[in-house]
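Remarks on the structure that follows.
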Amino acid sequence: MTDTQAPDTAGTNPLAPAPEGARTAADVVTPELVARLAKGVVGSGRTANHTPFTGEKLADLPESTPEDVARAFEAARTAQAVWAKVPVRQRAAVLLRFHDLLLERQAEVLDLVQLETGKARLHAHEEVQAVAVAARHYGRRAAAYLRPKRHTGAIPALTKVTELRHPRGVVGQIAPWNYPLELSVGDALPAFAAGNAVVMKPDTETCLTALWARDLLIEAGLPDGVFQVVLGEGPVVGPELVRHADYVSFTGSTRTGREVAVGAASRLVGVSLELGGKNAMLVLDDADVEKAAAGAVRACFSSAGQLCISIERLYVHESVADAFLERFAARTRAMRLGNSLAYGADMGSLVGERQLETVERHVREAVAQGAKVIAGGAARPDIGPYFFEPTILDGVEPSMSVCEEETFGPVVSVYRFKSDDEAVERANATPYGLNASVWTANARRGREVAARLRTGTVNVNEGYAPAYGSVQSPMGGMKDSGLGRRHGSEGILKYTEAQTVAQQRLLPMAPSLGMDDESYARFMTTSLKLMKAFRFR
């Protein structure tokens, strides 16, 4: 337990019991599985990963040196040259086969995601859903996104223009630990469909999930060399990956994202960054407080709050604050914490010691400065070394760390407001701009408030899933929450280089047919006026 002063929570957050005969880490992470997956790593050293459920080692794995990273890129470039020549529909068909295999074999990867992240199984399934949706979308739409496009030329009828899309080459991808399936292979799928190879550095502690996905993609028909994996410490392997890549995809902290951006900029290669968030949920005065309370549990405590788009700031209209908090606190206290490889737990573990230390510090400092714990507030070592109760704080002030800093854990602060204008202003008063949530009985009002929030996605009457799951639409951050977007056309076109091919026919773009310079200038002036009059674009 922490030394945080918390209300009596005896009997709350009961441990979800493991079913009789439940699988263990040893049942899932067998020597045969590790040997098979480790073949996908380009590495000459040795490292290991661990499960947050117990802190025990899961597997010994290869570790990559800078020289190994260079070898991975060399192999990827060779494979990419062949892969890019494969027709886009055939490349996309690999994603559709992967979609089917993933759903058929989901139990395997759900076990790995849980063991490596400590998530509840339902939260692990969110990753399966997200990756399947992305595989289906780009499997169906990649050819349309990438097809040559005709544009109006400089002189209609005389200039024929075509926009082509070429793969960038080898994409360097740095994937985080919190969503090891979705934020690794989920982001790589459109890169493959666009004709690129990928060299990926997943977090070592969650790399078995990414390696399993790589194995499944190869089974679905992806050439082995097109997907290379390197493992190692971020400060060692990360800069090497940026140094060799033709494009960089990064998901992680804002601080590290800035370093990645500097490295990419020095080489004039493109970069997409999904970074931190301090996301706000607004409960307006006409909201259904029962539905909003249920939604807040999902929005704040999925994956133990270790989700870039989860809610950490909760703004509630003063007229419904007491009723909302009563229901939200009751639901939060009733959440079941568990560590078994089965459905039933409402929340799992934090991923490790550093996350637990941040959560404990934010709660401890807030309480010491006058905040009140409404629910939770304590570690649960009786369940596992990194478990912490879902926690609601009231009376948080701007001077407190939990108000401004990203906690990335199961802690949410509640604030009251008097008007929509005040709520919007306070929600926007952060350097971050990743996700937001608005709850109201009036759909039009919800959309109007949403449009005023400076975040890349906003969900009305839900926390994060509708916007993220709508893969035809772009998802990403404003302000310090990142650059670029995943999903939709932007999510695949970022992995391409645009090329304009303009063919001039019949007459040159110069004086001709006996015109002198002045006559040509008059002719072009008249032509430009006519093009405007006839609404040429």
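Candidates in the range 241-286 are the residues that are of a type in the set (A, V, I, L, M) and farther than 21 Å from Asn196 by Cβ; of these, the one that is surrounded by the fewest Cβ atoms within 10 Å (Cβ to Cβ) is Val262. Selection of the range 497-520 for residues being without any contact (Cβ under 8 Å) to a residue 12 or more places away in the chain and surrounded by 12 or more Cβ atoms within 10 Å (Cβ to Cβ) yields Pro511, Met515, Ser519, Tyr520. For the range 242-330, the strands (runs of 3 or more DSSP E) that sit wholly inside it and include 1 or more residues that are in contact (Cβ under 8 Å) with a residue 12 or more places away in the chain and closer than 27 Å to Arg168 by Cα are 247-251, 270-274.
Take the conditions (1) free of Cβ contacts under 8 Å to residues at least 40 places away in the same chain; (2) open to solvent by 20 Å² or more (accessible area, probe 1.4 Å); Ala210 misses just one of them, which is (2).
Check Ser340, Ser399, Ser303 and return the single one that is among the hydroxyl-bearing types (Ser, Thr, Tyr) and open to solvent by 30 Å² or more (accessible area, probe 1.4 Å). Break it down into steps so the answer makes sense when it comes.
Details: Ser340 fails: open to solvent by 30 Å² or more (accessible area, probe 1.4 Å); Ser303 fails: open to solvent by 30 Å² or more (accessible area, probe 1.4 Å).
Going through Ser340, Ser399, Ser303 in turn, just one is among the hydroxyl-bearing types (Ser, Thr, Tyr) and open to solvent by 30 Å² or more (accessible area, probe 1.4 Å): Ser399.
Taking into account only those residues within the range 459-488 that are open to solvent by less than 50 Å² (accessible area, probe 1.4 Å) and in a helix (DSSP H, G or I), which is farthest from Ala296 (Cα to Cα)? Ranking the candidates gives Gly488 first.
Do we find a residue being in contact with a His (Cβ under 8 Å, 6 or more places away or on another chain) and open to solvent by less than 10 Å² (accessible area, probe 1.4 Å) anywhere in the range 376-385?
Checked the range 376-385: no residue is in contact with a His (Cβ under 8 Å, 6 or more places away or on another chain) and open to solvent by less than 10 Å² (accessible area, probe 1.4 Å).
You will find that of Glu104, Glu116, the residue that is of a type in the set (Asp, Glu) and without any contact (Cβ under 8 Å) to a residue 60 or more places away in the chain is Glu104 and no other.
Within the range 37-51, being in contact with a helix residue (DSSP H, G or I) (Cβ under 7 Å, 6 or more places away or on another chain), part of a loop (DSSP other than H, G, I, E, B) and either open to solvent by 10 Å² or more (accessible area, probe 1.4 Å) or not small (Gly, Ala, Ser) (or both) holds for Val42, Gly43, Ser44, Thr51. Can we say Ala107 is open to solvent by less than 60 Å² (accessible area, probe 1.4 Å), in a helix (DSSP H, G or I), over 21 Å from Leu341 (Cα atoms) and modelled with pLDDT of 95 or more? No.
With the structure loaded, tell me whether Gly409 is touching a His at 6+ places or on another chain (Cβ under 8 Å) and open to solvent by less than 10 Å² (accessible area, probe 1.4 Å) or whether it fails that test. It is true that Gly409 is touching a His at 6+ places or on another chain (Cβ under 8 Å) and open to solvent by less than 10 Å² (accessible area, probe 1.4 Å). For the range 512-537, the set of residues classified as more than 54 Å from the chain's Cα centre (by Cα) and not hydroxyl-bearing (Ser, Thr, Tyr) consists of Leu513, Gly514, Met515, Asp516, Asp517, Glu518, Arg522, listed by residue number. Against the definition (touching a Ser or Thr at 6+ places or on another chain (Cβ under 7 Å), in contact (Cβ under 8 Å) with a residue 40 or more places away in the chain and under 18 Å from Gln114 (Cα atoms)), how does Leu183 come out, yes or no? In short, yes.
Of Val34, Val82, all but one fail to be outside any loop (DSSP other than H, G, I, E, B) and either of a type in the set (Lys, Arg) or open to solvent by less than 70 Å² (accessible area, probe 1.4 Å) (or both); the exception is Val34. The residue of the range 63-79 that is nearest to Gly225 (Cα to Cα), among those that are open to solvent by less than 40 Å² (accessible area, probe 1.4 Å) and over 26 Å from the mean Cα position of the chain (by Cα), is Ala79. From Gly232, Gly221, Gly238, grab the single residue that is surrounded by 23 or more Cβ atoms within 10 Å (Cβ to Cβ) and at positive phi. Among Gly232, Gly221, Gly238, only Gly232 is surrounded by 23 or more Cβ atoms within 10 Å (Cβ to Cβ) and at positive phi.
For the range 345-375, the set of residues classified as in a loop (DSSP other than H, G, I, E, B) and either open to solvent by less than 30 Å² (accessible area, probe 1.4 Å) or touching an Asp or Glu at 6+ places or on another chain (Cβ under 8 Å) (or both) consists of Gly348, Ser349, Leu350, Val351, Gly352, Gln369, Gly370, Ala371, listed by residue number.
Within the range 243-269, take every residue that is small (Gly, Ala, Ser) and over 18 Å from the mean Cα position of the chain (by Cα) and give me the one that is farthest from Val424 (Cα to Cα).
Going through the qualifying residues, I end up with Ala245.
The values are calculated or read from the model by the stated rules, or taken from the named source; none is laboratory data. Nothing here was measured: the structure is a model prediction, and the numbers come from that model. In this analysis, Cβ positions are derived from the backbone assuming ideal geometry, glycine residues included, and neighbour counts consider all displayed protein chains. Please note that ligands, DNA and RNA were not included when accessible areas were found on the heavy atoms of the full protein model with its side chains. Shrake-Rupley method; radii C 1.70, N 1.55, O 1.52, S 1.80 Å.
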